[in-house]
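Worksheet for the structure shown next.
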Amino acid sequence: MSIPTYGDKKVWKEESQPFEINWWRENWSLNKIRNQEFIDKMKNEFGFTEDSFAGKTILDIGAGPRSWPSLLLNKAKIIIVEPLAYEFVTFNDGYYKLPNITKVYSLPGEECVEELINNIDIVWCFNTLNHCYEWKKVIDNIEKYLKSNGKLYMKVRVAESPHNGHVGVKHDEFLEYLHNSKLYGRIYPDSVDSTNCYLVEGTKKP
């Protein structure tokens, strides 16, 4: 398997994405455990409740086989952008069919969805950037999608070398790029995985 490099969409599409879908097929039993882990994180780390963001639109970029916000935030409208959605919808026990999921785009986060520009209240982007072939484009698109003063909740794994379908995100490069965007906010180590993961709570500057 080729080691992916930043900007190499061909390797990402032909090798990294098949690796990802096969990993989930082989490790699907982990899903329920991880679901509870992130529901607890939404409650304990961010203070979310079932009533949070009622009537608001949340965009989940890189949802994987299920959208974690859709499992807790019952009164919000969830939109998914996930390149493997066309695969996940066939084997994920109906997670993509939850009633609060209003639309699914089977696209990489690097591709801008024009109809979402300036129409999103909250972006949720967890464990996504290190899977992307050009993570900076994903941040650019988040900036476009969010309304003024819209919220960003992100988890990003940094300081990982490229491996097995993961391009990786360099620590200093990520912090600098985010700082220079309109999304810069509170950045702190993940309490569960503090060695190489950051949590980001940002607000889009007007």
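Quick notes on this structure:
- Checked against (1) among the hydroxyl-bearing types (S, T, Y); (2) surrounded by fewer than 15 Cβ atoms within 10 Å (Cβ to Cβ); (3) under 17 Å from the mean Cα position of the chain (by Cα), S2 meets all criteria but (3).
- Count of the stretch 56-78 residues, restricted to those that are over 22 Å from N130 (Cβ atoms) and among the aliphatic types (A, V, I, L, M), is 5.
- Listed here are the helices (runs of 4 or more DSSP H) enclosed by the stretch 13-78 that have at least 1 residues being within 27 Å of L146 (Cα to Cα), among the hydroxyl-bearing types (S, T, Y) and touching a residue at least 12 places away in the same chain (Cβ under 8 Å): 68-72.
- Single match in V81, V167, V89 (criterion: under 23 Å from K41 (Cβ atoms) and touching a residue at least 12 places away in the same chain (Cβ under 8 Å)): V81
- When the test is whether a residue is farther than 21 Å from D193 by Cα and either among the hydroxyl-bearing types (S, T, Y) or not in a helix (DSSP H, G or I) (or both), V104 passes it.
- So N35, is it within 15 Å of the chain's Cα centre (by Cα) and at pLDDT below 90: yes
- Residues satisfying the stated conditions in the stretch 54-95, i.e. among the aromatic types (F, W, Y) and under 17 Å from F38 (Cα atoms): W68, Y95
- All strands (runs of 3 or more DSSP E) inside the stretch 134-206 with 2 or more residues being loosely packed, with under 14 Cβ neighbours inside 10 Å, at pLDDT below 95 and in contact with a Gly (Cβ under 7 Å, 6 or more places away or on another chain): none
- Boolean, F53 is under 19 Å from the mean Cα position of the chain (by Cα), more than 22 Å from P65 (Cα to Cα) and surrounded by 16 or more Cβ atoms within 10 Å (Cβ to Cβ): yes
The values are calculated or read from the model by the stated rules, or taken from the named source; none is laboratory data. The structure displayed is predicted, hence computed values, not measured ones. All Cβ positions, even for glycine, are placed from backbone atoms using ideal geometry, and neighbour counts span all protein chains on display.
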